[in-house]
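These notes concern the structure reproduced below.
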Amino acid sequence: AQKVTQAQTEISVVEKEDVTLDCVYETRDTTYYLFWYKQPPSGELVFLIRRNSFDEQNEISGRYSWNFQKSTSSFNFTITASQVVDSAVYFCALSDQETSGSRLTFGEGTQLTVNP
Amino acid sequence: NAGVTQTPKFQVLKTGQSMTLQCAQDMNHEYMSWYRQDPGMGLRLIHYSVGAGITDQGEVPNGYNVSRSTTEDFPLRLLSAAPSQTSVYFCATWVYGYTFGSGTRLTVV
């Protein structure tokens, strides 16, 4: 069975601080996909990134970066120079090869609060 | 291009009542799904469809029915609402990543 653990339930930082959201996953598949989604206070869900299990290169998109390490089954998400608008719940998710991401197992989410 | 449209946004039901949550998409995506979101539990898959006429169960299908007569629409039916179905419901389509609707907040009293 697949499982995603986001051990940090809530994180509070001051604006301009860097913050890392942890994600640890469990799967028996050799091919799988990992995702991050953002849910701001308005409630919608926003797709941030998809990564397959064969691509361990770190990715950077503006202030966002992702560190994928198969050896530790982790897919951590870092926000550099955080801003108040980054305040949201962030979900990590996992899917298997068969579904190629169309059926996701979500973590419980991390509530990030960025204070001015 | 509206993306994924869910209606209603809010609903209060009495135990035992039935209702249908509507989901429509205008992106011609084959794959659609329904998730529920409960506090501290992330999102859990209820039902999904890989195309018109094809549906299957997800992780928490009990108490819900779906059908997919067209590519555009994927309604979720609660036949006899229970307080345990109080949740926020999200419809989504899938291509490379999910495109979610804005959600329906359902309260069963």
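Below are the figures for this structure:
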{"item": "Qualifying residue in region A:26-43 (condition: more than 22 Å from A:Asp96 (Cβ to Cβ), small (Gly, Ala, Ser) and not in a loop (DSSP other than H, G, I, E, B))", "result": "no"}
{"item": "Matching residues in region B:61-109 - criterion: being under 12 Å from B:Gln6 (Cβ atoms), away from chain A (no Cβ under 14 Å) and buried (at least 19 other Cβ atoms within 10 Å of the Cβ)", "result": "B:Leu76"}
{"item": "Among the candidates B:Thr7, B:Thr55, residue that is away from chain A (no Cβ under 14 Å) and either open to solvent by less than 40 Å² (accessible area, probe 1.4 Å) or within 14 Å of the chain's Cα centre (by Cα) (or both)", "result": "B:Thr7"}
{"item": "Candidates B:Gln37, B:Gln22 - the one that is more than 14 Å from chain A (Cβ to nearest Cβ), polar (S, T, N, Q), in contact with a strand residue (DSSP E or B) (Cβ under 8 Å, 6 or more places away or on another chain) and under 18 Å from B:Thr107 (Cβ atoms)", "result": "B:Gln22"}
{"item": "Subset of region B:53-65 [under 20 Å from B:Gln11 (Cβ atoms) and outside any loop (DSSP other than H, G, I, E, B)]", "result": "B:Tyr64, B:Asn65"}
{"item": "Qualifying positions in region A:56-83 - within 15 Å of A:Tyr33 (Cα to Cα) and either open to solvent by 40 Å² or more (accessible area, probe 1.4 Å) or assigned to a loop (DSSP other than H, G, I, E, B) (or both)", "result": "A:Glu56, A:Gln57, A:Asn58, A:Glu59, A:Asn67, A:Gln69, A:Lys70, A:Ser73"}
{"item": "Top-ranked residue of region A:41-55 - restricted to ones that are more than 8 Å from every other protein chain (Cβ to nearest Cβ), under 23 Å from B:Tyr89 (Cα atoms) and over 14 Å from the mean Cα position of the chain (by Cα), ranked as least open to solvent (accessible area, probe 1.4 Å)", "result": "A:Ser42"}
{"item": "Residues that are farther than 28 Å from B:Arg105 by Cα and more than 11 Å from the chain's Cα centre (by Cα), drawn from region A:4-24", "result": "A:Val13, A:Val14, A:Glu15, A:Lys16, A:Glu17, A:Asp18, A:Val19"}
{"item": "Any chance B:Val95 is of a type in the set (Val, Ile, Thr), out of contact with any strand residue (DSSP E or B) (no Cβ under 7 Å at 6 or more places or on another chain) and closer than 27 Å to A:Pro40 by Cβ", "result": "yes"}
{"item": "Test: B:Trp94 is under 26 Å from A:Phe35 (Cα atoms) and modelled with pLDDT of 95 or more", "result": "no"}
{"item": "B:Lys14, sole failed condition from (1) of a type outside the set (A, V, I, L, M, F, W, C); (2) open to solvent by less than 50 Å² (accessible area, probe 1.4 Å); (3) touching a residue at least 60 places away in the same chain (Cβ under 8 Å)", "result": "(2)"}
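The values are calculated or read from the model by the stated rules, or taken from the named source; none is laboratory data. Because the structure is a prediction, the values reported are computed rather than measured. Here Cβ is always computed from backbone atoms with ideal geometry, including for glycine, and neighbour counts include all displayed protein chains. Calculation scope for accessible area: heavy atoms of the full protein, side chains included, ligands and nucleic acids excluded. Shrake-Rupley method; radii C 1.70, N 1.55, O 1.52, S 1.80 Å.
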